[in-house]
1. Of Asp245, Asp299, Asp317, which residue is acidic (Asp, Glu), farther than 18 Å from Gly65 by Cα and in a strand (DSSP E or B)?
2. Can you name the residue in segment 352-369 that is surrounded by fewer than 14 Cβ atoms within 10 Å (Cβ to Cβ) and within 38 Å of the chain's Cα centre (by Cα) and is also farthest from Ser403 (Cα to Cα) among such residues?
3. Scan (1) part of a loop (DSSP other than H, G, I, E, B); (2) under 18 Å from the mean Cα position of the chain (by Cα) for the single condition Leu273 breaks and write down its number.
4. Can you name the number of the only condition in (1) within 30 Å of Val254 (Cα to Cα); (2) at pLDDT below 90 that Ser222 fails?
5. Which of (1) assigned to a loop (DSSP other than H, G, I, E, B); (2) acidic (Asp, Glu); (3) touching a residue at least 60 places away in the same chain (Cβ under 8 Å) does Asp369 not meet, given it meets every other one?
6. How about segment 403-417: which of its residues are among the polar types (S, T, N, Q), under 56 Å from the mean Cα position of the chain (by Cα) and farther than 11 Å from Glu374 by Cβ?
7. So, in segment 322-341, of the ones that are in contact with a Leu (Cβ under 8 Å, 6 or more places away or on another chain) and in a strand (DSSP E or B), which residue ends up farthest from Ile291 (Cα to Cα)?
8. Can you name the residue in segment 388-399 that is under 24 Å from Pro276 (Cβ atoms) and surrounded by 19 or more Cβ atoms within 10 Å (Cβ to Cβ) and, of all such residues, is farthest from the chain's Cα centre (by Cα)?
Amino acid sequence: MDIVREKKVSFFTKYRLPIAIGVISMAIFGFSQAIVTSDYAADKSMLRIATVKRGELAVKVRGPGVLTPKNIRWIASDVEGRAERVLVKPGAIVKAGELLVELTNPKLERQLEESRWELTAQEAEAKAETTSLASLLLDQEARVLNAELDYESNAMRLRAETELFDKGAQAVSKLDYEKTKLATKQSSKRWQIEQQRLIKMQENIDAQATARAARLNKMRKSYEIMEQQVENLEIRASIDSVVQDVAIEAGQQVTMGSSLAKLARQDELIAELQIPELAIRDVALGQKVVIDTRNNQIDGEVIRIAPSVDKGSVQVDVALIQPLPNDARPDLSIDGEIIIAQLSDVMHVRRPPFVQSNRTATVFKLATDGSIAERINVDFGLGSVQHIEIKRGLNVGEQIIVSQNEELDRFNKISLN
């Protein structure tokens, strides 16, 4: 019987794949190390070099923005109507009370006329009713007077008969005397009743007058409201201002509450700056700001910081604390510098690209003779737009490369020609 013999496999054949991978990895590592540690020749004239200095450093944060009105007034319509005339355009300077838009509403004008007629009729009716009640009051006062005179006449007769009757004179019989007493009592009672009627009638007249006055006041109020609505068909400026926008055209139908025109004061502007989210942490209320309109500079002060980030920026509102230049107007593009701090007697240097405040970063420091530059670690402090504080790693007079060059980032040492 034949015996199957196993073929022997050599060590290199069996492990050729791991060996190949290892050799390639060591080659790549060695090559990268050689690149990193080897010198790289750079043209010194093509590099931007900055010198470390000591002195004052204004720490600033910069951001673009626009000027915007401090107070914006949207003029809205209080009534429905059709735009008959539009008298202004954006940019027009208007005074308070000046006519901006004229609306028409025939139905509203007809209702005002009807209300005027109704009010006139009610006033005439009220006057006639007042005259009638006054006449009734006079009649009742006459009845009270007659009752009083009757009582006084009977009382006078009673006093005379009482005197004769007490003397025993035969001129007055007992029957006549008793009749006189009864008549006097009746007339007294009638006088009291007529007085009470007069009081009640006066109260009734007063109550009717109050109700009548309330109805008239209600009608007058309705008429005044209707009259005000007709007056509101004329849209007028509420303040001395500049027209920013007109949101209506002649012939357009307008509903109640529609915004028709946007007004803003030209001399009351604020700056809205967009500060990068990485720089907003040092911004605080009350900090001084310099606004650049390209033609002029305006001093300002931070009055509001938005609570949230929008598209990588945070809005900062700045109040302008000096008279505005002639070129200042709403929506004007500007740049703003917020002064975070004013440092004195600190080391600082021109800010290298991508170096952040209060961070450690690597930079190329030039040798004394300027022939080579080596990568070192530097602790940076507060940073401004163009300069940054140095806390540790550099000394006054030393120079570093601050230009952006991705080719240099692969090396730790470079030669400068």
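The values are calculated or read from the model by the stated rules, or taken from the named source; none is laboratory data. Keep in mind that what you see is a predicted model, and the values were worked out from it rather than measured. For neighbour counting, all protein chains shown are included, and Cβ atoms are generated from backbone atoms with ideal geometry for every residue, glycine included.
1. Details: Asp299 fails: farther than 18 Å from Gly65 by Cα; Asp317 fails: farther than 18 Å from Gly65 by Cα.
Criteria check complete, one pass: Asp245.
2. Gln356
3. Unmet for Leu273, out of (1) part of a loop (DSSP other than H, G, I, E, B); (2) under 18 Å from the mean Cα position of the chain (by Cα): (1).
4. Among (1) within 30 Å of Val254 (Cα to Cα); (2) at pLDDT below 90, the lone unmet condition for Ser222 is (2).
5. Going through the list (1) assigned to a loop (DSSP other than H, G, I, E, B); (2) acidic (Asp, Glu); (3) touching a residue at least 60 places away in the same chain (Cβ under 8 Å), Asp369 breaks only (3).
6. From segment 403-417, those among the polar types (S, T, N, Q) are 403-405, 412, 415, 417; that's our starting set.
Retained after the next criterion (residues that are under 56 Å from the mean Cα position of the chain (by Cα)): 403-405, 412.
Hits for segment 403-417 are Ser403, Gln404, Asn405.
7. Ala341
8. Pass one, segment 388-399, residues under 24 Å from Pro276 (Cβ atoms): 388-391.
Still in the list and also surrounded by 19 or more Cβ atoms within 10 Å (Cβ to Cβ): 388-390.
On the way: Ile388: 38, Glu389: 39, Ile390: 43 Å.
Applying the filter and picking the extreme gives Ile390.
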